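Q: Below you will find the structure I want to go over with you.
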Amino acid sequence: MPSPRRARALRQAAPATERRLWSLLRNRRLDGLKFRRQAPIGVYVVDFLCLRHRLVIEADGPFHDPERDTVRDAWLAAQGFRVLRFTNREVDVAERVLDQILQAVEARRS
């Protein structure tokens, strides 16, 4: 299990893309949704979590391992979480990312 210390260290060393996405999600800025940053779930620490809608948002930088991400996403899905992954380039077009997040929330509400 990841420690709260590890999650805190990840928050403090967040890449620019994660910081930008966090500035859009924090303090219920997106449709009143509550997100946590660098939240531990099982053995993983996810970039952003909306627990109410069981939605995980991952900001994937250039060093992500697709095989490990597939295993991780499958485990999260088995726990009832939906995972959305965005590349750095996608995060640069913030409106599109926010729209996709809202669509995922709406799909969960239905």
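Q: Just for segment 73-95: of the residues that are at pLDDT 95 or above and basic (Lys, Arg), which one is surrounded by the most Cβ atoms within 10 Å (Cβ to Cβ)?
A: Applying the filter and picking the extreme gives 82.
Q: (1) over 18 Å from residue 14 (Cβ atoms); (2) exposed (fewer than 14 other Cβ atoms within 10 Å of the Cβ): which one isn't true of residue 62, the others all being true?
A: Failing condition for residue 62: (1).
Q: Quick one: would you say residue 103 is of a type in the set (S, T, N, Q) and modelled with pLDDT of 95 or more?
A: Values: of a type in the set (S, T, N, Q): yes; modelled with pLDDT of 95 or more: yes.
So residue 103 fits the description; yes.
Q: Continuing with this model, one more query. Scanning for something among the β-branched types (Val, Ile, Thr) and under 14 Å from residue 85 (Cβ atoms), does segment 30-48 turn up at least one residue?
A: Yes - at least one qualifying residue is present in segment 30-48.
Q: Further question on the same structure: Confirm whether residue 15 is of a type outside the set (Lys, Arg), over 23 Å from residue 5 (Cα atoms) and modelled with pLDDT under 95.
A: The answer is no for residue 15.
Q: Looking only at segment 62-73, decide whether some residue is in contact with a helix residue (DSSP H, G or I) (Cβ under 6 Å, 6 or more places away or on another chain) and under 15 Å from residue 85 (Cα atoms).
A: Looking only at segment 62-73, we keep the residues that are in contact with a helix residue (DSSP H, G or I) (Cβ under 6 Å, 6 or more places away or on another chain), and these are none.
No, every residue in segment 62-73 fails to be in contact with a helix residue (DSSP H, G or I) (Cβ under 6 Å, 6 or more places away or on another chain) and under 15 Å from residue 85 (Cα atoms).
Q: Could you please give the count of residues in segment 31-49 that are of a type in the set (A, V, I, L, M, F, W, C) and under 11 Å from the mean Cα position of the chain (by Cα)?
A: Final tally of qualifying residues: 6.
Q: What's the number of the only condition in (1) under 14 Å from residue 97 (Cβ atoms); (2) of a type in the set (A, V, I, L, M, F, W, C); (3) modelled with pLDDT of 95 or more that residue 59 fails to meet?
A: (3)
Q: Quick test of your reading of the structure: residue 33 fulfils all but one of (1) among the hydrophobic types (A, V, I, L, M, F, W, C); (2) assigned to a strand (DSSP E or B); (3) in contact (Cβ under 8 Å) with a residue 40 or more places away in the chain. Name the failing condition by number.
A: The failed condition is (2).
Q: Hey, among the residues in segment 50-85 that are over 17 Å from residue 17 (Cβ atoms) and part of a strand (DSSP E or B), which one's farthest from the chain's Cα centre (by Cα)?
A: Ranking the qualifying residues of segment 50-85, first place goes to 82.
The values are calculated or read from the model by the stated rules, or taken from the named source; none is laboratory data. Fair warning: this is a prediction, and the values are worked out from it, not measured in the lab. For neighbour counting, all protein chains shown are included, and Cβ atoms are generated from backbone atoms with ideal geometry for every residue, glycine included.
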